[in-house]
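Taking it in order: structure first as structure tokens, then the write-up.
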Amino acid sequence: MVPLRISFFNRSVYDLLPSNANLVRWGKKEDPSCPLCQDRQTTEHVLSSCKVALSQGRYTWRHNRVLQELASVISTAEGKIHLSVFTTEGGVENGKQGRSQ
Ligand SMILES: [Zn+2]
């Protein structure tokens, strides 16, 4: 999975993901519009600028899914880390340390 994530990251940075705008540029499609809002669908638009996706909470859902994945990975890492979403500054919550040895 890590190589795929690195590939996705690189293609997003260099605007090489198959957004509708890129598919038009590459001669694979004729319409660059976003199926949700009809604006031009660039990589930036897909990842953070679509007003309809924002109004429907899609970015929040994606954000929360990333956090859930991170929490899953951290919680299974040798059983040494206790994840607490809401901790005080310094990682202390209710007298408990955020990490244990
Ligand atoms: Zn859109």
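Taking 7 Å along the Cα-to-C-beta vector as the label spot, tell me the ALA71-ILE6 distance in nanometres, rounded to one decimal.
A separation of 2.9 nm, rounded to one decimal place.
With each pseudo-label sitting 7 Å past Cα toward Cβ, what's the LEU23-ASP39 distance in nm, one decimal?
1.9
Find the percent of Cα-Cα distances in the range 2-77 that exceed 21 Å, and round it to a whole number.
Values: 1165 of 2850 pairs.
Tail of the P(r) past 21 Å holds 41 percent of the pairs.
Give me the percent relative contact order of the range 2-77, please, defined on Cα pairs under 8 angstrom at least 6 residues apart. Present the calculation step by step, with values, prior to reporting the outcome.
Numbers: 50 pairs, mean separation 13.8, N = 76.
Relative contact order here is 18 percent.
Throughout, read-outs are computed from the coordinates displayed, never taken from laboratory work. Remember, predicted model here, so these are calculated numbers, not experimental data. Counting neighbours? That spans all protein chains shown, and the Cβs are built from the backbone with ideal geometry, glycine included.
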